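The next block holds one structure in the form of structure tokens; read it before the comments.
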Amino acid sequence: MKKWLAAVVLWSLGGLGLAQTVTVGLDADPPNLDPLLSSALVDRQVQNQIYDKLVDLDENLRIVPMLATSWRVEEDGKVYVFNLRQGVKFHDGTDFNAEAVKFNLDRYRSAPGSRRSGELSLITNVQVVNPYTVRVTLREPFAPFLAILSDRSGMMVSPTAVQRLGAEFGNNPVGTGPFKFVERRRQDRIVLARNENYWQRGLPRIEQLVYRPFPDDDVRVANLLSGAVSIITPVAAKDLATIRNNPNLVVNNFPGIGYQGIWLNHTKGPFTNKALRQAFAATIDRDVVDRVVFLGTALPSNGPFPPGTLAHDKTIPVPKRDLALARQKLAEGGRPQGFSFTLTIAPGPVLAQLAQVYQAMAAEAGIQVRIEQVEFGTLLDRAAKLELEAVAVGWSGRPDPDGNIYDFVRCKAPNNYSGYCNPRVDNLLNRARTVRLPEARRDLYSQITKIIQEDLPYIYVYHPQTTIGVSRRLSGLPVIPDGILRFRSVSLGGQ
Amino acid sequence: MSNRTLRAFFANRLALAGMVMLLLLVLGAIFAPILVPYSPTSTDFSALQQPPSSQHWFGTDQLGRDIFSRVLYGARVSLAAGLISVLLALLLGGLIGLVAGFYGGWIDDVLMRLTDAMLAFPFLVLAIALAAVLGPSLQNTMLAIGVVTTPVFARLIRGQVLTERPREYVQAAVALGGSDGRIITRHLLPNILGPLIVQVSLSTATAVLAEATLSFLGLGVQPPTPSWGSMLNDARGYLSQAPYMALFPGLAIFLAVLAFNLIGDGLRDALDPRMKK
Amino acid sequence: MFLFVLRRLMGGLPTLLLVTVLVFTLTRVLPGDPARLLLGEEATPELVAQIREELGLNRPILVQYADWLWGLVRGDLGRSIRGNELVAPIIWQKLPTTLELSLFSLLVAIAIGIPAGVLAALRRNTAIDASVTVMALSGISIPNFFLGILLIYAFSIRLAWIPPSGYVEPWVDLQKNLLLMLMPAITLGTALAGAIARFTRNSMLEVLSQDYVRTARAKGLEGRVVVYKHALRNAAIPVVTVIGLQLGGLLGGAVVTEQVFSIPGFGRLLVDSVFNRDFPVLQAVVLISALAVFLINVLTDLLYAAIDPRIRYH
């Protein structure tokens, strides 16, 4: 009852514009706020305000302290010892300490329905050394471990709240973060309020944060233009000009950590033939794709690692369109007149446009592309079963390079939609995740990239950037490549 | 259909207008390959979103394709979808209605209960759900619309059969020992043709509209094949920059549906014995 | 009267049961694994199998149907696969929005349709009659999503009088709510207005040619009185029935209208649940649509029977 009253008060205050409220327009309604069960990326936008993680990322994707103030790595990378921040309390007043960390990690590892168990599968033991020190033991060295703790697997929820609420925890999330959960109406809004006892003194600066879902691009932009929301993400390329033309608004492009492109099936269809793979790949003009579909807001890609990430190698060139090479490869592959294949995509206006652009470009070399739109879940299912000749699916990206490649090009990996299997690549991948020196890892990833650019299990076409449209009144938003908007230090200026 | 009916129909100016519109659409659809200045799927990345001009009568879309060509080709999709789904409904519904009306008894009961159950759903709601189940494609759209339209024809034909069956000419045929099939085709059908054709025309209007709606929602033809409905859906995002992208496909749907409605209306008026002009 | 109602409702039960079977079959035949879709790009075979178990998707189909039906009877519409919340509250939240839209559209349709129909009947075979017919047919023929887009272009983009989309609850800001509902209501109501106009016209024509009207006229009663007192009242009956019949179409039209204007209503739920393969929500939406149509039909029959006693005793 009290919560409802508080919500009404806050809501009406927000309506009167008295409270400092920032309203955010997202492209979907986050389905699940419990990190245990969460599998949609949009969940993370809201979760990052409610929960703190053990570690966080900075603008350069480096790991920085958050709930863990420092850590050491022992036994050649198999043991991590974290020193925890003291004096931090969950929103329900209970203490954050080593017991809480153990509770959380164990919960992610083994609670039923956990979506995090795969990521944390290498943990063999979590030990409470003292109230503010935790010791985590891994089965083998794992370089991406800290990066994983900077995401959902590192989000600390209140053990008391979980034990009390059980399955309803997701509808009443409790963390230590800068904002507390107040209430939500599905498909309408999620309301968060300032955590007055946040461990970072003086933060957050705004009193209330409201998230609203607008799956429709036009509606999202319309709400930004009318001032109903102060910030939106993502922004469709076609709306960029409209926002830029508005004196009260500004467009920001963040580099992202993901990639998009096309899987080529090596086990069936025309792409069992390497020359034909290379022929099709040679017809793609990444600059045209960027210009026509994304109006210049995407980055042509040279591999799985975007600029700004650890493993990006700028000495590896972005493949250019080469029709002569395409025709040569066609001849080499025994199909000088061209061939045809089916490209499967999920529904969506941008994907449809993209597919039609690929189609037009390939046609000039005699390659006929048939476009098939299949609903996303079915698409993933069939892709995983290697039933599709070519499928345009990308990856949202992870801060550690291992997260962008390990589960994708390894033999029989869960997200390997190509059927590609190269023991040499597997070997390099395994080494890259155990070696800890960044330069050594980068070198290994570059070797891998060169091999797969030749073998083409996947054609890396572009790196999407995170675009946000934001009111000029908003300041203090950090630019972090994972695309998550962190509102901790944001303030809202006057009219 | 009698001469009187035909004369009454053609005297109706609105109905005539409808026929002319339909004729133009059909001709446009049939001769589209000859009439179009560009291929409906060829892109031109240097001419994105051009307003109407002498080179592109209706302008170009977001991939540089000529809208006039796409509208003409879209006519093929819309008209085919409309006519084929109604044909399907006619055959299926006709079969159900004839069997139910002619044989009566528990067969009638069961069939009519089924029809009632289907009629309980709002037309579009069921069509959307069905099209989603079957998967997005033109054929599945036609199937979905056809199935959802079936009850209308089933009811109509059953009703007509029930009205005509007790009539003397049918009783006579039965008494004379004619086979069921013969009675149906030789004697019943000609007498129920009138209302049937009216319904065909009106249902085609609804079917064309339904196909456009399903395509608008992304459940119909797949890109790059042009359909008026999906063209309208694409145009939504570019409304402020390129409103003509929405105008022409929308007008096309409107005129096609209007044509069928005018014709159906005219036929109904012409057949109505109580019409006093 | 009460018996009539009861009999009518009872008679509808087998049909309703068939409806549930149809709905269930429909959604279970949907291709695509909701477990897969739920997990998105993070799916692994183990997680998929786990989720399928959790959702009870591996039980025999008849068991799933019986379970679902039993839940329906108790008012439990299941849980959304996507967000894991109960379906029934979602529906109760969104249904009023669509009801408001439908009501508003109905008002628009009646306000335009009936006077137009009356006018056409009184001026039959003149230019006015023809133009009303053409306008009515145009209203019926124009795709409502096209009309919506045209309205948005004219009033939101060019003239900037009304925001292009959005929704505000009436108790939060009634003025804004009505303003935002205006274009959607016109969009949705136009087709219905056309149907009402034509039916009113035909109905009026029938009544006007009746003997008692001619007698009244012959007796010298002023034309207007004749129209209002006799013709209109008698013409109203079939018009009411037509409105009842068309309301089902309104629900279907609402689906697209809500899409165009981004109104978070019941119709929008249908499209969203289809694209998300959210079985429980889809089932509930389709079922309730059928229920709504059924209830409207019963109501219309009741209205008809209340006015015309002959109907009750058949």
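The values are calculated or read from the model by the stated rules, or taken from the named source; none is laboratory data. Note that the structure is predicted; figures quoted are calculated from it, not measured. Glycine also receives a Cβ, built like all others from the backbone with ideal geometry; neighbour counts cover every protein chain displayed.
If the requirement is being in contact (Cβ under 8 Å) with a residue 12 or more places away in the chain, within 14 Å of chain C (Cβ to nearest Cβ) and in contact with a Phe, Trp or Tyr (Cβ under 7 Å, 6 or more places away or on another chain), which of these qualifies: B:A15, B:A32?
Values: B:A32 fails: within 14 Å of chain C (Cβ to nearest Cβ).
The unique qualifying residue is B:A15.
Of the residues that sit in the range B:122-139 and are free of Cβ contacts under 8 Å to residues at least 12 places away in the same chain and not hydrophobic (A, V, I, L, M, F, W, C), which one is nearest to C:V256 (Cα to Cα)? That would be B:P122. The residue that is surrounded by the fewest Cβ atoms within 10 Å (Cβ to Cβ), among those in the range C:266-287 that are at the interface with chain B (Cβ under 10 Å from one of its Cβ atoms) and among the aliphatic types (A, V, I, L, M), is C:V271.
One residue is enough: does the range A:39-46 have a residue meeting the conditions crowded, with 22+ Cβ neighbours inside 10 Å, at pLDDT 85 or above and hydrophobic (A, V, I, L, M, F, W, C)? Yes, the range A:39-46 contains a residue that is crowded, with 22+ Cβ neighbours inside 10 Å, at pLDDT 85 or above and hydrophobic (A, V, I, L, M, F, W, C).
So in the range A:225-237, with the set limited to residues that are part of a loop (DSSP other than H, G, I, E, B) and modelled with pLDDT of 85 or more, which one is farthest from the other protein chains (Cβ to nearest Cβ)?
First pass over the range A:225-237, keeping only residues part of a loop (DSSP other than H, G, I, E, B): A:227-230, A:233-236.
Filter once more, so that each one left must be modelled with pLDDT of 85 or more: A:229-230, A:233-236.
Numbers: A:V229: 11, A:S230: 16, A:T233: 17, A:P234: 14, A:V235: 12, A:A236: 7 Å.
For the range A:225-237, the residue satisfying everything is A:T233.
Can you tell me which residue in the range C:247-261 is modelled with the lowest pLDDT, limited to those that are under 12 Å from C:L147 (Cα atoms) and more than 9 Å from chain B (Cβ to nearest Cβ)? So, considering only residues that are under 12 Å from C:L147 (Cα atoms) and more than 9 Å from chain B (Cβ to nearest Cβ), the one modelled with the lowest pLDDT is C:F261. The single condition from (1) more than 9 Å from chain C (Cβ to nearest Cβ); (2) in a loop (DSSP other than H, G, I, E, B) that B:F121 fails is (1).
Yes or no, residue by residue, for (1) modelled with pLDDT under 90; (2) out of contact with any Pro (no Cβ under 9 Å at 6 or more places or on another chain):
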site: B:L232; (1), (2): no, no
site: B:G237; (1), (2): yes, no
site: B:Y244; (1), (2): no, no
site: B:P249; (1), (2): no, no
site: B:F254; (1), (2): no, no
site: B:L258; (1), (2): no, yes
site: B:N261; (1), (2): no, yes
site: B:G266; (1), (2): yes, yes
site: B:L271; (1), (2): yes, no
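Quick check: anything in the range A:278-289 without any contact (Cβ under 8 Å) to a residue 24 or more places away in the chain and basic (K, R)? No - not one qualifying residue is present in the range A:278-289.
Let's see how each residue does on (1) out of contact with any Cys (no Cβ under 6 Å at 6 or more places or on another chain); (2) under 28 Å from A:M66 (Cα atoms); (3) surrounded by 16 or more Cβ atoms within 10 Å (Cβ to Cβ):
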position	(1), (2), (3)
A:L437	yes, yes, no
A:R442	yes, yes, yes
A:V461	yes, no, yes
A:Q465	yes, yes, yes
A:S471	yes, no, yes
A:I484	yes, yes, yes
A:R488	yes, yes, yes
A:L492	yes, yes, yes
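Residue under question is B:F123, and the condition is that it be closer than 25 Å to C:G11 by Cα, of a type in the set (A, V, I, L, M, F, W, C) and modelled with pLDDT of 85 or more; does it hold? So B:F123 passes the test.
Over 24 Å from A:P173 (Cβ atoms) and either without any contact (Cβ under 8 Å) to a residue 24 or more places away in the chain or crowded, with 21+ Cβ neighbours inside 10 Å (or both), is that true of A:F145? Answer is yes for this residue. The set of residues from the range B:219-255 being in contact (Cβ under 8 Å) with a residue 24 or more places away in the chain, facing another protein chain (nearest Cβ under 7 Å) and crowded, with 24+ Cβ neighbours inside 10 Å comprises just one member, B:I253. In this structure, does A:R189 turn out to be in the same structural domain as A:L240 (by the TED database) and over 30 Å from C:E169 (Cβ atoms)? So A:R189 does not fit the description; no. Whenever a residue of the range A:412-433 is crowded, with 17+ Cβ neighbours inside 10 Å, its partners that are basic (K, R), lying with C-beta atoms within less than 6 angstrom and at least six residues away or across chains, give the pairs A:D426/A:R410; A:L429/A:R410; A:A432/A:R441.
Of the helices (runs of 4 or more DSSP H) lying entirely inside the range C:82-164, the ones with 2 or more residues being closer than 30 Å to A:L41 by Cα and either within 14 Å of another protein chain (Cβ to nearest Cβ) or at pLDDT below 90 (or both) are found at C:87-122.
Can you tell me how many residues within the range B:99-127 are within 20 Å of C:L291 (Cα to Cα), surrounded by fewer than 22 Cβ atoms within 10 Å (Cβ to Cβ) and hydroxyl-bearing (S, T, Y)? Going through the range B:99-127 one residue at a time, the tally reaches 0.
Restricting B:V110, B:V86 to residues that are part of a helix (DSSP H, G or I), over 25 Å from A:P349 (Cα atoms) and within 14 Å of chain C (Cβ to nearest Cβ) narrows the list to B:V110. A:A362 satisfies every condition listed in (1) in contact with a strand residue (DSSP E or B) (Cβ under 7 Å, 6 or more places away or on another chain); (2) closer than 26 Å to A:V42 by Cβ; (3) hydrophobic (A, V, I, L, M, F, W, C); (4) in a helix (DSSP H, G or I) except (2). List pairs: first in the range C:1-23 and assigned to a helix (DSSP H, G or I), second of a type in the set (D, E, K, R), Cβ under 8 Å, 6+ apart or cross-chain? From residues that are assigned to a helix (DSSP H, G or I), the pairs are C:F4/C:R312; C:R8/C:D301; C:P14/B:R113; C:T15/B:R113; C:T15/B:D116; C:L18/B:R113; C:L18/B:D116. Just to be sure before I move on: is A:L325 assigned to a helix (DSSP H, G or I), in the same structural domain as A:P300 (by the TED database), touching a residue at least 40 places away in the same chain (Cβ under 8 Å) and farther than 17 Å from A:D285 by Cα in the structure I sent? Against the criterion (assigned to a helix (DSSP H, G or I), in the same structural domain as A:P300 (by the TED database), touching a residue at least 40 places away in the same chain (Cβ under 8 Å) and farther than 17 Å from A:D285 by Cα), A:L325 does not qualify. Just name the residue that is nearest to the other protein chains (Cβ to nearest Cβ) out of those in the range A:208-219 that are touching a Leu at 6+ places or on another chain (Cβ under 8 Å) and closer than 29 Å to A:G177 by Cβ. Checking each candidate, the answer is A:F214. Only one entry of A:G333, A:G303, A:G308, A:G366 meets the criterion of being more than 23 Å from the chain's Cα centre (by Cα) and on the phi > 0 side of the Ramachandran plot, and that entry is A:G366.
Out of all the residues in the range A:238-264, which are within 14 Å of chain B (Cβ to nearest Cβ), in contact (Cβ under 8 Å) with a residue 60 or more places away in the chain and surrounded by fewer than 20 Cβ atoms within 10 Å (Cβ to Cβ)?
The initial filter retains those residues of the range A:238-264 that are within 14 Å of chain B (Cβ to nearest Cβ), namely A:238-246.
Those left that are additionally in contact (Cβ under 8 Å) with a residue 60 or more places away in the chain: A:239-240, A:243.
Scanning the range A:238-264 gives a single hit, A:L240.
When you scan the range A:385-400, do you find a residue that is surrounded by fewer than 19 Cβ atoms within 10 Å (Cβ to Cβ) and more than 14 Å from chain C (Cβ to nearest Cβ), even just one? Scanning the range A:385-400 turns up no residue that is surrounded by fewer than 19 Cβ atoms within 10 Å (Cβ to Cβ) and more than 14 Å from chain C (Cβ to nearest Cβ).
Does the range A:250-264 contain at least one residue that is in contact with a Gly (Cβ under 7 Å, 6 or more places away or on another chain) and either within 18 Å of A:S471 (Cα to Cα) or among the acidic types (D, E) (or both)? Show your work before the answer.
Within the range A:250-264, the subset in contact with a Gly (Cβ under 7 Å, 6 or more places away or on another chain) is A:251, A:254-261.
Next, from what is left, pick out any that are either within 18 Å of A:S471 (Cα to Cα) or among the acidic types (D, E) (or both): A:251, A:254.
The answer is yes; a qualifying residue exists.
For the range A:47-81: of the residues being touching a Ser or Thr at 6+ places or on another chain (Cβ under 8 Å) and among the β-branched types (V, I, T), which is surrounded by the most Cβ atoms within 10 Å (Cβ to Cβ)? Across the range A:47-81, the extreme among qualifying residues is A:V55. Is it the case that A:Q163 is away from chain C (no Cβ under 14 Å), assigned to a helix (DSSP H, G or I) and polar (S, T, N, Q)? Yes; evaluated as a whole, the condition is true for this residue.
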